[in-house]
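Taking it in order: structure first as structure tokens, then the write-up.
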Amino acid sequence: MHSGMASGAGSPAAPGASGGADAALKHLGPQWFAIVMGWCGLALAWHRAEPAFGPAAGTVSALAGVVALLVFVTLVVLSLLRWQRHPGAVADDLRHPVRHAFFAAVPISLMLLGTLAVALGLDDRLARALWLPGVALQFAATVWVLGRWPTGTSSWPAKSPVLFIPIVGNVLVPLAGMRLGHPNLSWAFLAIGAFFWPIVVALLLARQSQQPLPERLQPSWFILVAPPAVIGLVAPAMGFGQGAAFAMIGLGAFCLALALRIAPRLPKLPFGMPFWAMSFPLAAFAALLLRTAEAEPSLQLAGVAMLAVASVVVLWLSLATIRGLRNRSLLQPEPVAAIVPVAGA
């Protein structure tokens, strides 16, 4: 079923139909903030590559951060305009079994921009101005998304890897929180993410045995890599030691191997925003390998290789997105899942 048909308003307009830019704006859902997550993740990964590549890596990191910031500002402006002009479309997103979880990508984008500001050595006041609102919105988004988990076999469409997005947001808090002087807040959010992480894994395994993901959502399996990658990054700062980071490398590599099983099917799928689910997890895993390589040099080659993969993937996704906007294959209703209203929406 088309993703834009939740309101039952009839058939979606074909590309080139009347409406133009305003019709495209209607379909600018929260999933587009995955672009910001991908570019921020890549910027943080290149920052971790400075020991291997020197100051040039810092320059690439800063440029990627600028791209992320520009995309974020553009999406915020357009999203506010969409909210004003198409409140029904926003309501449809809130009820959608998959897209509703993408609203957590907005506060995550804020936190990642704040984290990047800390990593690049910018003013802490700027970092806090981005990070603190992101943390507050992240808590609200987590309560909202997880509080709307429907029950029963008819709710399988809502149980997808996209549910990992608010989980990742919580475990991401300590990455900047410890350096900004908020250790207690960091521990609190890490506990939320660590508690719900295995629960979401269990839900996905149960769903997969009953109703496999639709083809267009297959790229979202890469999100499984994100929680162990981010937890591995924050583990040393939380006092867990390098052993925890190595444990998360092992778990992240296993999750990546599972996700790569669907890789041969990806070229056969039409490009859509679910493909951006590959970007942040790959970049976060590259950052983890490069961060751990500082203590274990034998991991540097693996980290550099993963950084190359993440960079190529993010660049390819960006070019494919630009091409999709030009040929109008994006910002159209996408058949991502059957519509089952989310409980309590």
Discussion item. Connecting C-alpha atoms closer than 10 Å in a GNM of the chain, tell me which of Leu282, Leu315, Leu122 has the biggest fluctuation.
Written reply: Leu122
Worksheet item: Against the longest alpha carbon principal axis of the chain, how many degrees, from 0 to 90 and to the nearest 10, is the axis of helix 124-146 turned?
Response: 50
Discussion item. Using only the alpha-carbon atoms, how far is helix 183-210 inclined from the longest principal axis of the chain? Give it as 0 to 90 degrees, nearest 10.
Written reply: 50
Worksheet item: Computed from these coordinates, which is Cα extents along the principal axes in Å: [x] 60, 47, 46; [y] 64, 56, 39; [z] 58, 40, 39?
Response: [z]
Worksheet item: Could you work out the helix-only [θ] at 222 nm for the chain, with each DSSP H run of four or more residues adding -39,500 (n - 2.57) and the total divided by the number of residues, to the nearest 500 deg cm²/dmol?
Response: -21000 deg cm²/dmol
Worksheet item: For the Cα atoms of the chain, what angle does the longest principal axis make with the long axis of helix 105-119, in degrees from 0 to 90, nearest 10?
Response: 20
Worksheet item: What percentage of the solvent-accessible surface of the chain, computed with a 1.4 Å probe over protein heavy atoms, is contributed by carbon and sulfur atoms?
Response: 69
Discussion item. Please check: in the Gaussian network model of the chain (C-alpha springs, under 10 Å), which one of Pro219, Pro166, Pro51 has the largest mean-square fluctuation.
Written reply: Pro51
Discussion item. With a 1.4 Å probe and all protein chains left in place, how much accessible area per residue does the chain have, in Å²?
Written reply: 42
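The values are calculated or read from the model by the stated rules, or taken from the named source; none is laboratory data. Owing to the predicted nature of the structure, the values given are computational and were not obtained by experimental measurement. Calculation scope for accessible area: heavy atoms of the full protein, side chains included, ligands and nucleic acids excluded. Shrake-Rupley method; radii C 1.70, N 1.55, O 1.52, S 1.80 Å.
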